[in-house]
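What follows is a single structure, written as structure tokens, with notes after it.
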Amino acid sequence: MIKAKGISKSYGDLQVLKGIDIEVKSGEIVAIVGASGAGKSTLLHILGTLDQPDKGEVQLGETDLLKIKGNKLAQFRNQHIGFVFQFHNLLPEFNALENVCMPAFLAGTSVKEAEAKAHLLLKRLGIDARAKHRPSEMSGGEQQRTAIARALMNGPKVVFADEPSGNLDSKNSEELHKLFFELREEFRQTFIIVTHNKELAAMSDRRIEMQDGFLV
């Protein structure tokens, strides 16, 4: 599903990634672990096309991601990649249903079709009753489930999650971790998760550790 080779990235004099090679199979749940500053989020953002490496190659399926630029890259990302972040990144002025629909609207899906699918996702994630609530009116766990529904909206091939349970209590964290595996079985998505959570890392199909810009 994903193949990256020789990924290097520096910010000024600080070299964050030092020649990373990584492959992830379709349907895998992979945890990327390591101390803060090891380069985990930088690697995740490059694999997810949110950032560009200084050197290296990144492929998703047969597509060379570094050869796509501008609007074409944004369209590809919207159609094939989903994101879940620690702090949800929901739009505060819109309710849960509208937030979930955003990727579909960007892809040109009709309001009726987008809302129908969004309701199905919210129902599957157990929060359809909160569809008309804004983020400020939802708990942290409900906001994160809304963010996951948004990530799944366009049926992406891969979902990247950056510390998805880092802002949740232990109960909501456990429920979220189980949810990733249930969704993988239902939708066959690939999940690549940066996490400090030892339980989530242990549950994953594969655990990749980073240290000082290298895989160890």
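What follows is calculated from the coordinates using simple rules that are stated; it is not laboratory data. What you are looking at is a predicted structure, and each value in this text was computed from that prediction instead of being measured. Positions of Cβ are backbone-derived with ideal geometry, glycine not excepted, and every protein chain shown enters the neighbour counts.
Summary table below
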| item | result |
| --- | --- |
| Only one of 201, 118, 147 that is under 16 Å from residue 82 (Cβ atoms) and in contact with a strand residue (DSSP E or B) (Cβ under 6 Å, 6 or more places away or on another chain) | 147 |
| Check on residue 100, among the β-branched types (Val, Ile, Thr), out of contact with any Phe, Trp or Tyr (no Cβ under 9 Å at 6 or more places or on another chain) and in contact (Cβ under 8 Å) with a residue 12 or more places away in the chain | yes |
| Residues that are in contact (Cβ under 8 Å) with a residue 40 or more places away in the chain and more than 19 Å from the chain's Cα centre (by Cα), drawn from region 110-134 | 134 |
| Candidate set: region 33-88, residues that are surrounded by fewer than 18 Cβ atoms within 10 Å (Cβ to Cβ) and among the aromatic types (Phe, Trp, Tyr); chosen: the one farthest from the chain's Cα centre (by Cα) | 76 |
| Residue 61 vs. criteria in contact (Cβ under 8 Å) with a residue 12 or more places away in the chain, closer than 13 Å to residue 159 by Cα and among the small types (Gly, Ala, Ser) | no |
